[in-house]
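I have placed the structure first, in the form of structure tokens, so that the comments after it can refer back to it.
The values are calculated or read from the model by the stated rules, or taken from the named source; none is laboratory data. Owing to the predicted nature of the structure, the values given are computational and were not obtained by experimental measurement. For neighbour counting, all protein chains shown are included, and Cβ atoms are generated from backbone atoms with ideal geometry for every residue, glycine included.
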């Protein structure tokens, strides 16, 4: 069942002077199988053409180099920064 999200329910309860934690509203909604309506369309950035030529996999998915400048790879990541996970610096 789709209803108001936990934010709207929590704010309405506070307006009605019903003191409750937001996490409690989330937990109770989850237990009852209630979730907010999701609006908007999923962004699809690429629709691959099946018959289009693709570059060869010249490294055979092995991304290990024995010496500097032996292997260069790149990555195209689509989506806003909030949709991607933060970089792992380590």
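With respect to residue 59, is the statement that it is surrounded by 11 or more Cβ atoms within 10 Å (Cβ to Cβ), at pLDDT below 80 and not in a helix (DSSP H, G or I) true?
Values: surrounded by 11 or more Cβ atoms within 10 Å (Cβ to Cβ): yes; at pLDDT below 80: yes; not in a helix (DSSP H, G or I): yes.
Considered against the rule, which asks whether it is surrounded by 11 or more Cβ atoms within 10 Å (Cβ to Cβ), at pLDDT below 80 and not in a helix (DSSP H, G or I), residue 59 comes out as yes.
Let's see how each residue does on (1) touching a helix residue (DSSP H, G or I) at 6+ places or on another chain (Cβ under 7 Å); (2) at pLDDT below 80:
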position	(1), (2)
2	no, yes
6	yes, no
10	yes, no
17	no, no
29	yes, no
41	no, yes
83	no, yes
86	no, yes
